[in-house]
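Every read-out reported here was derived from the displayed coordinates using simple, explicitly stated rules and does not represent laboratory data. Source: prediction; values computed, not measured. No Cβ is skipped: glycine too gets one built from the backbone with ideal geometry, and neighbour counts run over all protein chains shown.
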């Protein structure tokens with residue numbers, strides 16, 4: 001299926017935003033020997049969108065502007081191992097164990113980002129989401145204001161009347177299987193920032209449910225409403241509404257009918273799902289049946305950018321996530 005027009009326009013705008021950055025961002029690709037990663041990194045470099053750093057010993061045609069590094073021969077290895085040992089001292093790891101862990105490309109990439117030697121990393125082309133998240137959690141660490149790690153997909157659809165010209169942030173399809181109300185609020189707050197930073201628009205946030213404004217009663221509905229109360233207490237500046245069905249959140253006429261008076265209904269560009277099952281199923285359905293272009297998941301809640309890929313990804317997917325990771329790093 002061809003990319004929706006909204007995806008072409010969206011990524012065209014993001015490329016222009018990157019070219020206006022004061023300094024090109026250094027993005028580490030731990031799976032640097034993968035041909036798909038090599039192709040994406042070479043394109044990012046040749047188009048002057050980022051400075052890609054490939055881990056390993058890549059073969060084949062590689063753009064001369066791509067940086068290639070091997071953890072085992074990197075002069076920062078001992079420094080990184082020492083930092084890792086200090087961070088995991090409570091677990092009693094030894095210096096040799098820390099060094100062995102630091103040699104893992106995912107861990108090395110996370111340490112490079114944490115230490116400021118890179119601005120973000122993109123993994124997951126050949127590893128699981130759990131492994132990529134674990135490496136980021138171990139090395140980069142979580143923000144103090146958001147204690148919940150989560151994932152968000154940037155979804156470009158044919159429905160240009162919805163979201164930001166057809167573009168939506170959809171969370172969390174990857175990490176938090178059954179978030180509490182507090183965790184759901186964390187996810188919404190983090191995703192609002194992603195919408196602003198990555199999509200480049202002000203977030204209009206809908207906390208989704210199978211109920212709209214009391215149309216059904218259930219503990220699942222109450223959790224969404226409680227998350228809304230928490231957001232209101234923590235971030236009253238955010239433009240959000242809780243307990244909206246997906247159609248009410250996205251379609252203006254339905255929003256007016258089901259949630260009259262809501263300034264979010266019919267205008268949402270940031271969708272927060274009540275659990276990972278609902279989010280994951282929704283993302284895959286719009287991708288496979290609706291021909292949407294889905295990029296991510298981008299991890300949220302970390303101190304610095306660390307993002308994940310599907311193991312079935314293509315070079316184009318890696319290229320797109322590289323762009324969004326560089327935007328996350330900002331100026």
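By its C-alpha gyration tensor, with a ≥ b ≥ c as the square roots of the eigenvalues, how is the range 228-288 shaped: rounded for a/c under 1.5, else prolate for a/b larger than b/c, else oblate? Cα axes put the range 228-288 in the oblate bin. For the options 105, 35, 219, a Gaussian network treatment of the chain with springs between C-alpha atoms closer than 10 Å singles out 219 as fluctuating the most.
Using a ≥ b ≥ c from the Cα gyration tensor of the range 53-205 (square roots of the eigenvalues), is it rounded, prolate or oblate, where a/c under 1.5 gives rounded and otherwise the larger of a/b and b/c decides, a/b for prolate? Because a/c hits 1.5 or more and a/b fails to exceed b/c, the range 53-205 counts as oblate. For the range 37-89 versus the range 127-151, the spacing of their alpha-carbon centroids is 20 Å. To the nearest ten degrees, helix 181-194 and the longest principal axis of the Cα atoms of the chain are 70 degrees apart. The long axis of helix 276-288 is offset from the longest Cα principal axis of the chain by roughly 90 degrees. Full extension of the segment from residue 178 to residue 253, taken as 0.36 nm per residue of separation minus the current Cα-Cα distance, would add 23.9 nm.
Calculation over all alpha carbon pairs of the range 227-331 in 10 angstrom steps from 0 returns a P(r) of 12, 32, 37, 18, 1 percent.
Classification of the range 73-147 by its C-alpha gyration tensor yields a rounded form. The axis ratio a/c (a ≥ b ≥ c) stays under 1.5. Against the main long axis of the alpha-carbon atoms of the chain, helix 219-234 sits at an angle near 70°. Model label sites at residue 59 and residue 284, defined 7 Å from Cα along the beta-carbon direction, differ in position by 3.4 nm. Compared with the direct C-alpha span, the chain from residue 201 to residue 76 gains 41.2 nm at full extension, assuming 0.36 nm per residue.
Between residue 97 and residue 160, the modelled label-to-label distance comes to 5.7 nm, taking each label 7 Å out from Cα in the direction of the beta carbon. Placing a label point 7 Å from the Cα of residue 13 along the Cα-to-Cβ direction, the residues of the range 266-290 with a backbone N closer than 15 Å are 268-270. In the chain, the DSSP-assigned H stretches of four residues or longer account for a calculated mean residue ellipticity at 222 nm of -12500 deg cm²/dmol, using -39500 (n - 2.57) per stretch and the full residue count as denominator. Percent of Cα-Cα pairs more than 19 Å apart in the range 145-301, please. Cα-Cα pairs in the range 145-301 separated by more than 19 Å: 46 percent.
When only Cα pairs below 8 angstrom with a gap of at least 6 residues are kept, the chain shows a relative contact order of 24 percent. Binning all Cα-Cα separations of the chain at 10 Å, short to long from zero, yields these whole-percent fractions: 6, 27, 33, 22, 10, 3, 0.
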